[in-house]
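Below is one structure, written out as C-alpha cells; comments come after it.
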Amino acid sequence: MKTKEIKTDVTVIGAGTSGVFTSLHLLTKGYKVSLIERSPRIGGALVNSLVYPTAGFHSQNFTYFSSPLVEKFIRNSIENNLSLGHIKDPLRFSSTITPIHPTAYKILTNQLLNNKNLLFFPLSEIQNIKFQNQKIKSIILNYQNEKYEIKSKIFVDGSGNLITSFFIPLEFNFDLQNLQALTLIFKISNVDFNLIVKDIKNNPSEFYHKTDLDLILSQNFLSVSGYYSLAKQYLDNKELLLTRDRFLFFSDIDKNSVVVNTTRIFLKDIHKPENFHISELEKLAYKILLKQVIYIYNIMKKNIEGFRNSYISEVADFVGIRQFRNVKGLYTLTLQDIIGGKHFDDNVSIGTWPIDIHISNSIKEGKVNEKGYGVPYRCCISNYKNLLFVGKNISADNYSFSSLRIQATLMILGENIGRIIESCLNKKIYPLDIDYSEIKKTVKIIQS
C-alpha cells in the first residue's frame, strides 16, 4: 500500500471538547490543521457517549469562567434552542450545570469542515508514530483503507486514552485498581416528570440529601440521584458486574426525556493480559454495559411510576471512559492545589467542579476551593519538544483529575492551548521552550 504524505502546521488527535477548541482557534488564525478522530463524529463525550449535562462554568461562589470561542459556542447553542444556558444545579452538588444538546456540535462541525485549512480524518486508526531526539516527526494513519503519513510542526494528544503512549516512550500514571468506573449512558422518553417530582416530595430520604425540589420545579429540569432502596434491592448484580447505590438521571432538553447515567463497570474487572488493547476493552465493556442498560431500564419501568409508559429512545454509541492514562507532565496537579485554590503563572484553565470519584459501589465527594483553582500549562507538556496534551490526558493525581475532567474546564483549556500553539508557531519555537510570561499574555480566560 502506497503511503500518502500530508503536511500541516498542527496535528490534533481527538475531536473531543479540548481537541475541537484547540483546532477551532488555530483554524480561525489561518493555520492548517489535521484532526484525527477514531469515531465518525466531532464532539467527544457529549456526542458519542451522551455525557450530559455539561458543567464547570461557575465556581462554588458563582464566579463565571469561560474563554472567547467557548463563550460564542454556548451563546450560539442557546440562540438555536440547543441549550438551556447555565442553570442552578438542582442537586446542589455544583453551583450550575449547562444542558447542551449534542446537535449543537453538528453546527460547530459544519463550521470546522467548511474551513479549507482543516483536514478531518474520522474513523481513522493510528498505526505508528515516528519520533527522534524527543520530537515527534510524523503520524502513520490508516484512513479509508489508505495509508497516510502526517507531518506537522506541532502535535496535540487529546485522545482521552493517551494514545501517543502506545507508540512512544512516555511516562504516565495508570492505576488500574483505582480507575474510575466506565458507563454507558442511555436516554428514556415519554417520562412523566410530575410523578417523579411527587416521589421526591413524598420520600426525600430516598434521594440525594442536597436535592432542591424548588429548583427542579422553577427550572423545569429534573436532576435525580436516588431511589436508594430500589437500588439496594436490584443494583448489586454480580453477574452483570454492576455495583450501584443509586439511580442517576437528568432531564434532556427534549420534552419528557431523561438521560440515565446508572450503568457502571470497572476496567480492573475486565482487564486481562497487558497487551489487551483499549479498543478491545471498550468493545467488551460495551457488551456488558448494554445488558446493564436493559436490566436497569426494566427495573425503572416496573418500579418507578414515572417510567411506566416510557421507552428507550437512544443508547450512546461509545462507552463513557472517565479515566485511563494520564501523562506525567512537568507538573502534576494535586489535591492540595485544588482545595487550596492555587493559581499559577502559566494557568490555561480554571477548575470549579467538586471532587467526584466514582469507585467501588459509591461516589466519593469533596469540595474544591470556592473560587476555583488554576490548571497550569506544565500539566499539558512533558519532555517532548513539540507534543502537547489536552483533555483527560493531562497530568493530575486522582483527586484533582476527578474535578478537572469536566467538559467546561477542558473546553477552556483546549482553546488556550490553541492560543499557545499560535504563539509558538509565530515565534518558531517549540511548546516546551515558551516563556511563562508569554503564556500569561497569550491565554484568554473570561471571568465575571
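Laboratory data are not the source of any read-out in this text; all were calculated from the coordinates shown. These figures come from a predicted structure and were not determined experimentally. With ideal geometry, Cβ positions are generated from the backbone for all residues, glycine too; neighbour counts draw on all protein chains shown.
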Discussion item. Please list 3J(HN,Hα) in residue order for region 203-220, calculated via the Karplus relation 6.51 cos²θ - 1.76 cosθ + 1.60 where θ = phi - 60°; whole Hz, with x for glycine and proline.
Written reply: 9, x, 5, 7, 10, 3, 5, 9, 4, 10, 5, 4, 5, 4, 6, 5, 9, 6
Practice prompt. Taking a cut-off of 13 Å between Cα atoms, list the aspartates and glutamates near K268, but don't count ones fewer than 8 places away on the same chain.
Written response: D175, E282
Worksheet item: Tell me, what ³J(HN,Hα) does each residue in region 300-316 have, in order and in whole Hz, if you take phi through Karplus 6.51 cos²θ - 1.76 cosθ + 1.60 with θ = phi - 60° and put x for Gly and Pro?
Response: 5, 5, 7, 10, 10, 4, x, 10, 4, 9, 8, 8, 6, 9, 6, 10, 4
Discussion item. Taking the alpha-carbon distance from K4 and a cut-off under 19 Å, which aspartates and glutamates remain once sequence neighbours fewer than 8 residues away in the same chain are dropped?
Written reply: E37, E125, E146, E149
Response to the item:
Straight-line reach check, K210, cutoff 18 Å on alpha carbons, 8 or more apart in-chain or any other chain, hits among lysines -> K88, K198, K201, K364, K367
Worksheet item: What is the list of residues in region 375-405 whose amide nitrogen lies under 11 Å from a point 7 angstrom out from the Cα of T334, following Cα to Cβ?
Response: 397
Fill in: Long-range amide H partners of T54 with built H, under 5 Å
T98, I100
Practice prompt. Work out, step by step, the length gained on full extension between N178 and D345: first 0.36 nm times the residue separation, then minus their alpha carbon distance; give nm to one decimal.
Written response: 57.0 nm
Response to the item:
Looks like the chain, by Cα gyration tensor root eigenvalues a ≥ b ≥ c and the a/c under 1.5 rounded cutoff (else prolate when a/b is bigger than b/c, oblate otherwise), is prolate
Item to complete: For F172, enumerate residues with amide H under 5 Å from its amide H, sequence gap 5+ or separate chain, H modeled in the peptide plane.
Response: K328
Discussion item. Suppose R0 equals 35 Å. What FRET efficiency, 1/(1 + (r/R0)^6) with r the Cβ-Cβ distance, do N203 and S279 give to the nearest 0.05?
Written reply: 0.25
Worksheet entry | Computed helical MRE - 222 nm, the chain, DSSP H runs ≥ 4 contributing -39500 (n - 2.57), nearest 500 | -9000 deg cm²/dmol
Discussion item. Quick check: the distance between the Cα centres of region 383-448 and region 276-305, to the nearest angstrom?
Written reply: 35 Å
Fill in: Difference of contour (0.36 nm per residue) and Cα-Cα distance, N128 to E5
42.9 nm
Fill in: Sequence-distant residues sharing a close amide H with L242 (under 5 Å, placed H)
N237
Fill in: Note, ³J(HN,Hα) from phi for region 20-26, Karplus 6.51, -1.76, 1.60, rounded to Hz, x at Gly and Pro
5, 6, 4, 5, 4, 4, 5
Worksheet entry | Restricting region 207-304 to GluC sites (Glu not before Pro) in coil, as DSSP defines it, with at most 14 other Cβ within 10 Å | E274
Fill in: Highest to lowest packing among 403-413, 115-125, scored as the average C-beta count within 10 Å
403-413, 115-125
Worksheet item: Given the chain, what percent of its DSSP beta bridges are antiparallel, to the nearest 5?
Response: 70 percent
Worksheet item: Which entries in K7/K441; K137/K283; K147/K287; K153/K385; K32/K440 show an alpha-carbon gap greater than 20 Å?
Response: K7/K441; K137/K283; K147/K287; K32/K440
